[in-house]
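The values are calculated or read from the model by the stated rules, or taken from the named source; none is laboratory data. Values in this document were obtained by computation on a predicted structure and should not be read as measured data. Cβ atoms come from the backbone with ideal geometry, glycine included; neighbour counts cover every protein chain shown. Remember, those area values only see protein heavy atoms, side chains included, never the ligands or the DNA or RNA. Shrake-Rupley method; radii C 1.70, N 1.55, O 1.52, S 1.80 Å.
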Amino acid sequence: MNVSVADFTEAVAGFATGVVVLTVRDGRDDLGATVTSFMSVSLEPPMVLAGVTATSYLCEVLRRRDRWAATVLSAGQRALAGRFAAAGRPSARLLLAGEPHHRGSRSEALIADDGVAALECETRQRIEAGDHVLFVAEVLSADYIARRRDPLIRVHRRYLGGS
């Protein structure tokens, strides 16, 4: 029996995930998107995996730009997660205007401040997986780690924590 898209979506909606804003610099522009398909995959070397919709412009850029950043959002960054998840969103520079941020020294990607952590990464492998591409990347640096901040969590299609 085949599982319908609706049933599968409902089944995985109950799986709580952290929320990450993935950003990449593409020439003079900066792109970014909220992703919940993100996980650590190795300690030696430190590696992560990010799943990105195969038909997205972000995926197109990540296919040609190996270095990018992933900001693990804190509970207080719910509005930022929503802005980076919106359809037709503008440049990451505009989305971060008015928010504390900086440019990563290893990736040149924009990094939101006030998250739980920020990782600068370099893609080592791309894996086609249905309607997504999985980017397996080595972590080049942990830009900051804020152990006292609670993470933003997404479950049942809603963000938990923050305002």
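From the set of residues in segment 108-135 that are part of a strand (DSSP E or B) and over 22 Å from ALA81 (Cα atoms), which is least open to solvent (accessible area, probe 1.4 Å)?
Taking segment 108-135 and keeping what is part of a strand (DSSP E or B), we get 110-112, 117-129, 132-135.
Checking the rest, the ones that are also over 22 Å from ALA81 (Cα atoms) come to 122-129.
Details: GLU122: 37, THR123: 10, ARG124: 119, GLN125: 96, ARG126: 91, ILE127: 60, GLU128: 118, ALA129: 41 Å².
Once the filter is applied, the top-ranked residue is THR123.
Name the single residue that is farthest from VAL35 (Cα to Cα) among those in segment 144-158 being surrounded by 15 or more Cβ atoms within 10 Å (Cβ to Cβ) and at pLDDT 90 or above.
ARG149
Kindly indicate whether SER141 is surrounded by fewer than 16 Cβ atoms within 10 Å (Cβ to Cβ), under 16 Å from the mean Cα position of the chain (by Cα) and within 21 Å of SER40 (Cβ to Cβ).
Details: surrounded by fewer than 16 Cβ atoms within 10 Å (Cβ to Cβ): yes; under 16 Å from the mean Cα position of the chain (by Cα): yes; within 21 Å of SER40 (Cβ to Cβ): yes.
Yes, satisfied.
Under the condition of being open to solvent by 10 Å² or more (accessible area, probe 1.4 Å) and hydrophobic (A, V, I, L, M, F, W, C), which residue from segment 62-80 is farthest from SER40 (Cα to Cα)?
Result: ALA79.
Say whether the condition of being crowded, with 18+ Cβ neighbours inside 10 Å and touching a strand residue (DSSP E or B) at 6+ places or on another chain (Cβ under 8 Å) is met by at least one residue in segment 39-46.
No.
In segment 47-60, what count of residues is obtained for those that are buried (at least 18 other Cβ atoms within 10 Å of the Cβ), under 24 Å from LEU94 (Cα atoms) and of a type outside the set (Gly, Ala, Ser)?
Count: 2.
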